[in-house]
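Here the structure comes first, spelled out in structure tokens, and everything after it is commentary.
The values are calculated or read from the model by the stated rules, or taken from the named source; none is laboratory data. Remember, it's a predicted structure, so these values are computed and weren't measured experimentally. Backbone-built Cβ (ideal geometry, glycine too); neighbour counts: all protein chains shown. The protein model used for the area step is the full one, side chains on, heavy atoms only, and it has no ligands, DNA or RNA in it. Shrake-Rupley method; radii C 1.70, N 1.55, O 1.52, S 1.80 Å.
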Amino acid sequence: MNKLPSEVYLNHPTFGLLYRICLLKDNQELFTTLYAQRLFFIVTFNSDSSLFDPISRTDSRMLVEGMLRQLLLDREIEKHEQLKVIYKRTFF
């Protein structure tokens, strides 16, 4: 059985379809442009809107590396492995 989480997409008003890399906080998620994966956004969801904050590729990579470390510390091995696959596909 495939245990990979389902992919999440979001439509940006200017840059089109975005792909979710990972969850950051309660209402925040990290997204990248679907095809080029060169533009990154921290998306904050409110009850009535979504706020798109652009973030550099380097800062995005550091955020994901921090999430990978935290998942290891929390012994969330399965989630760590899933995020590691996305990390390698996105940044290498």
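The table below lists the values:
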read-out	value
Selection status of Asp74, modelled with pLDDT of 95 or more and either touching a strand residue (DSSP E or B) at 6+ places or on another chain (Cβ under 7 Å) or not polar (S, T, N, Q) (or both)	yes
Counted residues, region 50-59 - those being over 18 Å from Leu34 (Cβ atoms), among the polar types (S, T, N, Q) and touching a residue at least 12 places away in the same chain (Cβ under 8 Å)	1
Considering residues of region 27-36 that are among the polar types (S, T, N, Q) and under 20 Å from His80 (Cβ atoms) only, the residue most open to solvent (accessible area, probe 1.4 Å)	Gln28
Close pairs (6 angstrom Cβ cut-off, 6 or more residues apart or separate chains): farther than 19 Å from Thr33 by Cα in region 60-86, in a helix (DSSP H, G or I) and open to solvent by 60 Å² or more (accessible area, probe 1.4 Å) anywhere	Leu71/Lys79; His80/Leu72
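Yes/no matrix, rows are residues, columns are (1) of a type in the set (Lys, Arg); (2) open to solvent by less than 30 Å² (accessible area, probe 1.4 Å); (3) more than 13 Å from Val64 (Cα to Cα); (4) in contact (Cβ under 8 Å) with a residue 12 or more places away in the chain:
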site: Ser6; (1), (2), (3), (4): no, no, yes, no
site: Phe15; (1), (2), (3), (4): no, no, yes, yes
site: Tyr19; (1), (2), (3), (4): no, yes, yes, yes
site: Cys22; (1), (2), (3), (4): no, yes, no, yes
site: Lys25; (1), (2), (3), (4): yes, no, no, no
site: Arg38; (1), (2), (3), (4): yes, no, yes, yes
site: Val43; (1), (2), (3), (4): no, yes, yes, yes
site: Asp48; (1), (2), (3), (4): no, no, yes, no
